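A short write-up of the structure that comes next.
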Amino acid sequence: MHGTQSPIAAPCTHCGANTPSKRLEGARGAVLTCGACGGRYLADWGQSYSEALYDYYGDPEWLALASAYDPLTEQRYVALLDAFARRVPGRSVLDVGCGVGHFVHTASQRGWNARGIELSSAAVNFCQSHGVPVTQTDLFSAELEANSWDVCTLFEVLEHLPEPQAFLARTVELTRPGGLVYVTVPNIASLDARVQGRDWTAINPEHLSYFTPQTLGRLLRGAGLKPLDMTSRNVSGMTLRKLVGRSAPPPALETASVAEALAPYHADQRLRARIEGSPVLRAAKATVNGVLGAFGLGSALVALSVKPT
């Protein structure tokens, strides 16, 4: 940061310090880098964050779009569950912040003792109306017993939190010794972030904490986990289109309809389906993911860790 500025309203979500050293401007917010720990976090998150940001969970249009479980995602979940099964003897899994319950549904269908917890009443009502075992339960509730789950998953959850370290430590507490914790978060060091710049949609008021491979690894170890595998993967269609000069900026967050806000996601899903339908494109994707993973440039950080016995 340059010159003299008044202190920011909120401290670093990673370590609690109030010593920002850099500022990255996005179209929907700004991200600060902590001078003490290197963690990145939404500027003034204490003032900009609001529960109303999650009102879309109650929007019938959003639920209709989100609840159409994607078959390619289903395949990925099945492969992931099979990978878990090779590492743990039991078949219990807790999905933390499970949204509309796609992973919980898949795990249940595959014979796992699966449960999801979610704070959005609209999402929970949707899951329960479709027979998906999801409850509106706070992670820190005494109802959840320590050392109870073979696997705990957090799909794109930690970035929404003002204290990801404490949240992850509680997840570890719920996991059995020798059990697994699986985490995915957006990668602020990704090719997506570098190419899209201000238009990178992961910078927004919903996301309070931001991660690089280094800061995510530190978070995992700080919570008492032993990382088994961490990689980054994928590049968004928006980045590919921008690289060839065919991109358009995302719609303004304040005025976008649900359909407009989800349009980039659905465009990526169509591209993904096209790739998966072609052996040549699948091979190309595997090569690209290998390169992205080697340099930590994938759009998503994916980490599998074990709780020591």
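The values are calculated or read from the model by the stated rules, or taken from the named source; none is laboratory data. What you see is a predicted model; the values in this text were computed from it and never measured. Glycine also receives a Cβ, built like all others from the backbone with ideal geometry; neighbour counts cover every protein chain displayed. Side chains included, ligands, DNA and RNA excluded: accessible areas come from the protein's heavy atoms. Shrake-Rupley method; radii C 1.70, N 1.55, O 1.52, S 1.80 Å.
Quick notes
- C12 contributes an accessible area of around 0 Å² to the protein surface, as traced by a 1.4 Å probe with all chains present.
- Largest accessible area first, the listed residues F155, F140 line up as F140, F155 when surface is computed with a 1.4 Å probe on the assembled protein chains.
- Residue-wise HN-Hα coupling along segment 133-146, computed from phi with Karplus coefficients 6.51, -1.76, 1.60 (Hz; x: Gly, Pro): x, 10, 10, 8, 10, 6, 4, 8, 5, 5, 4, 8, 8, 5
- Karplus 3J(HN,Hα) series, Hz, for segment 185-202 with 6.51 cos²θ - 1.76 cosθ + 1.60 (x for Gly, Pro): 8, x, 9, 6, 9, 6, 4, 3, 4, 6, 7, 7, x, 4, 8, 5, 6, 5
- D138 - accessible surface, heavy atoms, 1.4 Å probe, Å² rounded to 10: 70
- Three-way shape call for segment 95-179 based on the alpha-carbon gyration tensor, with the a/c threshold at 1.5: oblate
- Between A146 and R282, the simple spin-label model (points 7 angstrom out along Cα→Cβ) gives 4.5 nm.
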